[in-house]
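Asker: One structure is given below, represented as structure tokens, and several questions about it will come after.
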Amino acid sequence: MSAEPRLEATVSLRVNGEDRQVHVEARRSLADALRDALGLTGTHLGCEHGVCGSCTVLLDGGPVRSCLVLAVQAEGHDVVTVEGLGTPDDLHPVQHGCLEAHAFQCGFCTPGMLISAVALLAENDDPDDAEIREALGGNLCRCTGYESIVAGVRRGAELLRLDGEG
Ligand code: FES
Ligand code: FES
């Protein structure tokens, strides 16, 4: 029996503010394209079936699980990964907040948490703890450091508001 044909596609998308092209098998997820074709390994793959949230990225500003989106579906769209939030020398306020609050243990869930938090703060710059928990409800932390993660996002929101006033 002959092997199945491997359908491939070239996908043009904007990633972290840059126009990029990736050549991928049509069955590949956006997470695979980001990690394997573009080397953006900050997007983590945990469950690979939409449960853990570690692969969360912004697609046209909204949080999506990149393991559930085909790379070809991102054609022409805008993607932001954790690498697009800040740099080690110029952290995003939410990254600063999480650093101050020690909001990570192994760090595996952190990129997805940060992306979900940034999406929340784009809609609501002063969320209470219940709203933060709700927004992060789809992100699992196997180290169960949830209290410090909520504190980190709360501090990130405060820093973001201070930035806005500056
Ligand atoms: S790897 Fe995508 S939700 Fe778990
Ligand atoms: S810090 Fe380890 S999974 Fe969240």
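The values are calculated or read from the model by the stated rules, or taken from the named source; none is laboratory data. Bear in mind the structure is a predicted one, so any value in this text is a computation, not a measurement. Cβ atoms come from the backbone with ideal geometry, glycine included; neighbour counts cover every protein chain shown. Keep in mind that these areas ignore ligands, DNA and RNA; they rest on the heavy atoms of the full protein, side chains included. Shrake-Rupley method; radii C 1.70, N 1.55, O 1.52, S 1.80 Å.
Asker: Of all the Cα-Cα pairs you can form in the stretch 75-166, what percent are over 20 Å apart?
Answerer: 29
Asker: Here is a follow-up. Using square roots of five times the C-alpha gyration tensor eigenvalues, list the equivalent-ellipsoid semi-axes of the stretch 108-154 in whole Å, biggest first.
Answerer: Values: eigenvalues 54, 25, 14 Å².
Those come to 16, 11, 8 Å.
Asker: So if I place +1 on the C-beta of Lys and Arg and -1 on the C-beta of Asp and Glu, and nothing else carries charge, what would the dipole magnitude of the stretch 1-144 be about its Cα centre? I want it in debye, nearest 20.
Answerer: 640
Asker: Taking a spot 7 Å from the Cα of H102 along the direction of its beta carbon, which residues of the stretch 126-149 have an amide N less than 20 Å from it?
Answerer: 141-149
Asker: Using a 1.4 Å probe, what is the accessible area per residue for the stretch 113-166, in Å²?
Answerer: Per-residue accessible area for the stretch 113-166 comes out at 55 Å².
Asker: Could you calculate the FRET efficiency of T144 with H77 from 1/(1 + (r/R0)^6), where r is the beta carbon distance between them and R0 is 35 Å, rounded to 0.05?
Answerer: Approximately 0.55, to the nearest 0.05.
Asker: Still on this structure, I have one more. Would you please report the Å³ per residue occupied by the convex hull of the alpha carbon atoms in the chain? If you can, show how the numbers build up before the last one.
Answerer: Values: hull volume 19.7 nm³, N = 166.
Considering the Cα atoms of the chain, their hull volume per residue is 119 Å³.
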